[in-house]
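Take a look at the structure below.
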Amino acid sequence: MPKKIAEGKTKIVYASSSKDEVLLKFKDDVTALDGEKHDVLPGKGAINAGVSAKIFSLLEKKGIPTHFISMVDSSTMRVRKLKMIPVEVVCRNIAAGHLVKNYPFFKRGEKLKTPLVEFYLKNDLFHDPLLSEEHLKVFGLMAKREIEEVKKITFKVNRVLSGFMRKLGLQLVDFKLEFGRDRRGKLRVGDELNIDCMRLWSLKTGESMDKDVYREGKPLDSVLQTYIQTYRLIVGEEPK
């Protein structure tokens, strides 16, 4: 059994045979409210691993650097080892979630004039506070050139994913990215990119096809069916 390096709410990091790689195991846990709400959905780990692999592969084909290398099994990815930056980068196309809750300028479902990129400190204890670009520089989280590169990559990811999802009958409302530096200092999209970290609405019905169904308190069977349905659309096959 590989040596466990770290474990979070929904993933476990294991050592690999290569010093420049690690194994990322997706768990069946589903959480919300900074981990205060927690359940287990059988098969969710494989669903999120499969969606992440599909999307990371798509981004790589479009020239966007990620940490993804290959799948080891249905719920485990082989990835490049990164020194992760403790910042969540959120890109919003449609008003929803915290944007509607925290600001009086938007109604849910309102299309933004231009995509909005926000930065949040990755810290559940402090509920992921919003960061300005000045915060990023003063706190030593990112240099000015890295901030610009992260924004450039994020906007490109948004263009690629918005077009991809639209063809599947889905609207990309918003999504979260995390970045890290590889051993050469190159910025790469890391962590995960799946149903847990995107808002996806059906273009036909407007219904949520993402983790919002769990946040809203839907029955777990219904939540799992939403994950399976979204997996089928994105990956094009049944979950393994």
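The values are calculated or read from the model by the stated rules, or taken from the named source; none is laboratory data. What you are looking at is a predicted structure, and each value in this text was computed from that prediction instead of being measured. All Cβ positions, even for glycine, are placed from backbone atoms using ideal geometry, and neighbour counts span all protein chains on display.
Within region 119-130, none of the residues are surrounded by 13 or more Cβ atoms within 10 Å (Cβ to Cβ) and farther than 22 Å from F179 by Cβ. Could you check, for region 186-201, whether at least one of its residues is more than 25 Å from G8 (Cβ to Cβ), in the same structural domain as V100 (by TED's automatic domain parsing), touching a residue at least 24 places away in the same chain (Cβ under 8 Å) and surrounded by 15 or more Cβ atoms within 10 Å (Cβ to Cβ)? Among the residues of region 186-201, at least one is more than 25 Å from G8 (Cβ to Cβ), in the same structural domain as V100 (by TED's automatic domain parsing), touching a residue at least 24 places away in the same chain (Cβ under 8 Å) and surrounded by 15 or more Cβ atoms within 10 Å (Cβ to Cβ), which makes the answer yes. The sole residue among V30, V51 that is under 12 Å from D196 (Cα atoms), assigned to a helix (DSSP H, G or I), among the aliphatic types (A, V, I, L, M) and not assigned by TED's automatic domain parsing to the domain that holds G190 is V51. Taken over region 15-45, the criterion of being polar (S, T, N, Q) and closer than 21 Å to V79 by Cα is satisfied by S16, S17, S18.
For (1) in contact (Cβ under 8 Å) with a residue 60 or more places away in the chain; (2) crowded, with 18+ Cβ neighbours inside 10 Å; (3) of a type in the set (A, V, I, L, M), each residue gets a yes or a no:
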| site | (1), (2), (3) |
| --- | --- |
| P2 | no, no, no |
| G8 | no, no, no |
| V30 | yes, yes, yes |
| G35 | yes, no, no |
| A46 | yes, yes, yes |
| S70 | no, no, no |
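Being in a helix (DSSP H, G or I) and surrounded by 12 or more Cβ atoms within 10 Å (Cβ to Cβ) is the filter here, so list the residues in region 131-144 that pass it. Hits for region 131-144 are E133, H135, L136, K137. Candidates D20, D39: the one that is in contact with a Leu (Cβ under 7 Å, 6 or more places away or on another chain), in contact (Cβ under 8 Å) with a residue 40 or more places away in the chain and loosely packed, with under 15 Cβ neighbours inside 10 Å is D39. I'm trying to understand the selection: among the residues of region 56-74, which are closer than 19 Å to M198 by Cα and among the polar types (S, T, N, Q)? Across region 56-74, the qualifying residues are S57, T66. Take G45 and decide whether it is assigned to a loop (DSSP other than H, G, I, E, B), modelled with pLDDT of 95 or more, under 25 Å from L161 (Cβ atoms) and not aliphatic (A, V, I, L, M). No; evaluated as a whole, the condition is false for this residue.
Taking region 221-240 as the range and being in a loop (DSSP other than H, G, I, E, B) and touching a strand residue (DSSP E or B) at 6+ places or on another chain (Cβ under 9 Å) as the test, only K240 passes.
In a strand (DSSP E or B), farther than 15 Å from A96 by Cβ and either in contact with an Asp or Glu (Cβ under 9 Å, 6 or more places away or on another chain) or of a type in the set (S, T, Y) (or both): is that true of V173 in this structure? Considered against the rule, which asks whether it is in a strand (DSSP E or B), farther than 15 Å from A96 by Cβ and either in contact with an Asp or Glu (Cβ under 9 Å, 6 or more places away or on another chain) or of a type in the set (S, T, Y) (or both), V173 comes out as no. The one condition from (1) free of Cβ contacts under 8 Å to residues at least 24 places away in the same chain; (2) crowded, with 17+ Cβ neighbours inside 10 Å that L161 does not meet is (1).
Looking at K218, K204, K151, just one residue is surrounded by fewer than 17 Cβ atoms within 10 Å (Cβ to Cβ), in a helix (DSSP H, G or I), of a type outside the set (G, A, S) and modelled with pLDDT of 95 or more, and that residue is K151.
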